[in-house]
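Here is the structure we will look at.
The values are calculated or read from the model by the stated rules, or taken from the named source; none is laboratory data. Since the model is a prediction, treat every value here as computed from it, not as a measurement. Cβ sites come from the backbone with ideal geometry, for glycine too, and all protein chains shown count toward neighbours. Just so you know, the surface numbers come from the protein's heavy atoms only, side chains and all, with ligands and any DNA or RNA stripped out. Shrake-Rupley method; radii C 1.70, N 1.55, O 1.52, S 1.80 Å.
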Amino acid sequence: DFYDDAILGYDDIIESLMEKLEKRRISHNTLVIICTDHGQRWTVDDRVPLMFIFPEGEYSKRIRANVQNLDISPTILDYIGIEQPAWMGGMSLLSSDVESPRYILSTTRKHGLITNLKHGPQLDLRKNLPPFYSIGSVGVFYHQKYYKLILEESILAISDIEGHTAPCSESELPDPQEIGQMIIDHLEENGFDTSSIKRPLTVQTAQ
């Protein structure tokens, strides 16, 4: 189908790239990074590829824990021996702590913000209003769970990440209200007014 065909087409592009690096004899000092910013149809809770191809096959391994695109820059800096600046988020995937449990944040856009004009889709600034502007939800990934706080409804929706490679036991998972409060604290630290969020949050678990 179309999705499988897209994967095969992308495979061909990567194969061609690697062959050209070999042909030009620069593969020995070239770092190749393969990534994407979201899943099909802009989903944030689907597993997506993040691969580093280091020269001479160095650091070849598979990381089973959750990682994120914010880890790309710290990994590059670590590889070339430059200290990660204090302002930079993420962590190096070469770190010995990379398999430790992490809380990873994501956001989704509020529904109804995009208006289709004759020259294409555009953000409707009339609907981009406080307190959360264009943000519809803020999510947290932890092990095999995705916790999504739907801001205007004060609902914390919990779902499983399909095909997760390092699940933990249910007893190791945090209390949903604690996750919700973590998200609220993060919003407040970044200047958002969270007074419209009703607490305790309404928790919904996907069946």
If you keep only loop residues by DSSP, which chymotrypsin sites (Phe, Trp or Tyr not before Pro) in the stretch 130-175 have at most 14 other Cβ atoms within 10 Å of their Cβ?
133
Evaluated over the stretch 87-130, the Cα radius of gyration and Dmax, each in Å:
18.4, 51
Which longest run of the chain has no exposed loop site in it, a site being GluC sites (Glu not before Pro) in a DSSP loop with at most 15 other beta carbons within 10 Å, and the site itself not part of the run?
100-161
Between 40, 122, 68, where does the largest GNM mean-square fluctuation fall for the chain, given springs only between Cα atoms within less than 10 Å?
122
Accessible-area composition of the stretch 127-175, carbon plus sulfur, in percent [1.4 Å probe]:
50 percent
Can you pull the percent of Cα pairs in the chain with separation above 24 Å?
55 percent
Loop sites in the stretch 1-73: trypsin sites (Lys or Arg not before Pro), DSSP, at most 16 other Cβ within 10 Å:
24, 25, 47, 61, 62, 64
With 0.36 nm assigned to each residue of separation and the Cα-Cα distance removed, residue 181 to residue 118 gains 18.5 nm
Could you check how many percent of all C-alpha pairs in the stretch 45-121 are farther apart than 19 Å?
49 percent
Taking only C-alpha pairs under 8 Å that are 6+ residues apart, what is the relative contact order of the stretch 51-207 in percent?
17 percent
If you stretched the chain out fully between residue 33 and residue 133, how much longer would it get, using 0.36 nm times the residue separation minus the C-alpha to C-alpha distance?
32.7 nm
Please give the per residue accessible area of the chain, computed with a probe of 1.4 Å over protein heavy atoms only, in Å².
67 Å²
Extension gain, residue 202 back to residue 86 (0.36 nm per residue minus Cα-Cα distance, nm):
38.2 nm
